[in-house]
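K.L.:
My questions will all concern the structure given below.
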Amino acid sequence: MTARSILDHVPSGVSLLVWAALWELVGRFGGIDLIPPMSQIALTAIDIVQTEKFVTALAVTAQAFGIGMALAIVVGIPLGVLMGVWRPAERLLDVWVNIFISAPLTALVPALMPLLGIGQTTVVATVFLFAVWVLVIDTRAGIHHVGGSLLDMARLFGGSRTQIFFKVLLPGALPEILTGLRLAVVRGVKGVVIGQIIIALLGFGELFELYLQNFLMEEFWALVFVVFALAFVLVEAVGLVERRFDFYAGSR
Amino acid sequence: MDASTRDACPARDAGHPAGGVADATPIVRVDGVTMRYANGVSALDGIDLDIPRGRLTTLLGPSGCGKTTLLKIIAGLIPPTAGTVAVNDRIVTGPGPDRALVFQDFALLPWATVLRNVAFGLELRGVPRAEREAIAAKYIRDVGLAGFEHQYPNQLSGGMRQRAGLARALAVDADILMMDEPFSAVDEQMRRKLQEDLLSLLQVEKKTVIFVTHSIEEAVYLSDRIVLLSRRPSRVSAIRDTGIAHDQPPDQIRRDRRYLDTVDEIWDTLKQYLQ
């Protein structure tokens, strides 16, 4: 095998291992307090996930994320559908959606606190604000992408408005809705952690604060990687569902 | 269109292979149909046209001449700016069970199997599942798709997708089968095969067919009557009955004197629109 073909067969996970090994070396011999060796971080991670503090933090986070995402789905998908099928709604709401999709929403969280209190409600609102807009935009795009000839076809064969909506428009928009959902999960995960960190009294935010205040770098990094891993697994799981519907996304 | 051209149609009926089905009263009557879009573009300019029952009539004209627009107006999918379309003496105000359409881009639901797609027209009409799937299965066999009932459209070739589109249109048992450039998205060899198969299928089904194409050969090969449309804004520029017997073997038609002559004549007429 040539060098090129060997490189082609290297599994993608290898770069992670190389990175971990480099980190280990820097941690052992670099003399930087901020970077403890990877092996110790890994061991600490195993300890941390078993502590009651972590389990409580995870439960609080999952609750805020779950409620925020559920609200985003319940509001975002119907709003996207409405904008997709009814032009006045699209004209009126488009500017709002575009402002919020590009806005640095982190800046809004401190403003939410006096309104909603320094607690779970603010975190739920943060998740919602982070997640909902991309769902609106992708749902609307999905509705728009349903081919004109499919709608003509359904009308031609006598479909009622309700039939056309449920049998053609909604299933036709499903691939984009699922893409929107995956991106909303990505943003929602960011939202929940950012919300918690800004409030600094709740869930992982409280733990991060605790570790940093006491300069517990092993615990800090361990928690960072655990949260990264959880977010990654969650998004991949949604991506798995999304790919199951890929078979017809490309064939319209 | 003048009165003498209009009167020419019943006289030709005697020579038509499906003579028993064809009768003198037109099944579709297009009366002064004009189509102007909101942007001022005029697609159709006062089209008067009778479509004879039980025969295959083709709308032929240069690209962008409004053939498909006229077909969609007859289908009831778009209302004309002026004029009326009557089907069986009833003014068209929207789609109806008497008309089925085969779409240029197939218009199959990508998430549904061939079976569900072919049965979809019946599904929208509320026909119970077992019944509609039995009907669909019959037409899937008739169009030569047996064995592909549970495949999805993206697993089929273009030709097979259009067979499914044709089966769906046949399954609703409409009087009028409209076909909007149905074979233009498939390759030349498949197109010839589909044309031949369509002719043999129509020997059995005895439908009124309104066919839209920009291919002169396709029009002459398939049609009993050809309606030539002029460039936009379109008018009816000529009507030709091909006089070709479509019950002869498919490859005979392409050697038929009338086939070759008609292709030449129509080309002579259409050439003037291609400056």
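Values in this text are rule-based calculations from the coordinates and carry no lab data. This is a predicted model, so every value here is computed, not measured. Cβ placement follows ideal geometry from the backbone for every residue including glycine, while neighbour counts extend to all protein chains displayed.
K.L.:
Among B:LEU60, A:LEU108, which comes first, second and so on when ranked by fewest other beta-carbon atoms within 10 Å?
P.N.:
Arranged by neighbour count, lowest to highest, B:LEU60, A:LEU108 become A:LEU108, B:LEU60.
K.L.:
Among the listed pairs B:LYS206/B:LYS271; A:LYS167/B:LYS206; A:LYS167/B:LYS193; B:LYS67/B:LYS206; B:LYS138/B:LYS207, which have their C-alpha atoms separated by more than 27 angstrom in this model?
P.N.:
B:LYS206/B:LYS271; A:LYS167/B:LYS206; A:LYS167/B:LYS193
K.L.:
Can you compute the equivalent ellipsoid semi-axes for region A:36-249, i.e. the square root of 5 times each eigenvalue of the Cα gyration tensor, sorted largest first and rounded to whole Å?
P.N.:
Result for region A:36-249: semi-axes of 40, 20, 12 Å.
K.L.:
Which of A:THR121, A:THR179 has the fewest other C-beta atoms within 10 Å, and how do the rest follow up to the most?
P.N.:
Least crowded to most crowded, the residues run A:THR121, A:THR179.
K.L.:
Mind listing which chymotrypsin sites (Phe, Trp or Tyr not before Pro) in region A:162-252 are in a DSSP loop and have 12 or fewer other Cβ atoms within 10 Å?
P.N.:
For chymotrypsin sites (Phe, Trp or Tyr not before Pro) across region A:162-252 that sit outside H, G, I, E and B with at most 12 neighbouring Cβ atoms in 10 Å, the list reads A:PHE215.
K.L.:
Continuing with the same structure: Using Cα atoms only, what is the angle between the long axis of helix B:257-271 and the major principal axis of chain B, expressed in degrees (0 to 90) to the nearest 10?
P.N.:
Tilt relative to chain B: about 70 degrees.
K.L.:
Averaged over B:120-127, how many beta carbons belonging to a partner chain fall within 10 Å of each residue's beta carbon?
P.N.:
5
K.L.:
Can you list residues from other chains, or at least 5 along the same chain, whose modelled amide H is less than 5 Å from the amide H of B:LEU101?
P.N.:
Under 5 Å from the amide H of B:LEU101 lie the amide H atoms of B:MET178, each far enough along the sequence or on another chain.
K.L.:
Using the Karplus curve 6.51 cos²θ - 1.76 cosθ + 1.60 with θ = phi - 60°, what ³J(HN,Hα) values do you get for each residue of region B:88-96, in whole Hz, with x for Gly and Pro?
P.N.:
The phi angles translate into 6, 6, 10, 5, 7, 10, x, x, x Hz.
K.L.:
Here is a follow-up. Helix B:3-12 versus the longest principal axis of chain B: what is the Cα-based angle in degrees, 0 to 90, to the nearest 10?
P.N.:
Once rounded, one gets 50 degrees.
K.L.:
Quick check: the distance between the Cα centres of region B:190-260 and region B:110-128, to the nearest angstrom?
P.N.:
Centre-to-centre (Cα) distance: 29 Å.
K.L.:
Can you tell me what the convex hull of the Cα atoms of region B:29-174 projects to on average, as an area in nm²?
P.N.:
10.0
K.L.:
Sorting B:HIS214, A:HIS144, B:HIS150 on the 10 Å Cβ count, fewest up front, what's the list?
P.N.:
Final ranking by Cβ density, sparse to dense: B:HIS150, A:HIS144, B:HIS214.
K.L.:
Further question: Could you run the Karplus curve 6.51 cos²θ - 1.76 cosθ + 1.60 with θ = phi - 60° over region A:66-76 and give me ³J(HN,Hα) per residue in whole Hz, x for Gly and Pro?
P.N.:
x, 5, x, 5, 4, 4, 4, 5, 5, 8, x
K.L.:
Oh, and also: Among A:ALA64, A:GLY191, A:GLY142, whose Cα lies farthest out toward the positive end of the dipole of region A:36-249, if unit charges sit on the beta carbon of Lys, Arg (+1) and Asp, Glu (-1)?
P.N.:
Result: A:GLY142.
K.L.:
Using amide H atoms built in the peptide plane, which far-off residues or other-chain residues are under 5 Å from B:LEU44 H to H?
P.N.:
Residues meeting the criterion, in which the H sits 1.01 Å from N, are B:MET35, B:SER234.
K.L.:
Around B:LEU71, with a cut-off of 12 angstrom between Cβ atoms, what is the net charge of the other residues, counting Lys and Arg +1 and Asp and Glu -1?
P.N.:
Result for the neighbourhood of B:LEU71: 0.
K.L.:
Still on this structure: Between the helical axis of B:114-124 and the dominant principal axis of chain B, each derived from Cα atoms, what acute angle in degrees is found, rounded to the nearest 10?
P.N.:
It works out to around 70 degrees.
K.L.:
What percent of all Cα-Cα pairs in the protein assembly as shown falls in each 20 Å bin, counting up from 0?
P.N.:
18, 37, 24, 16, 5, 0
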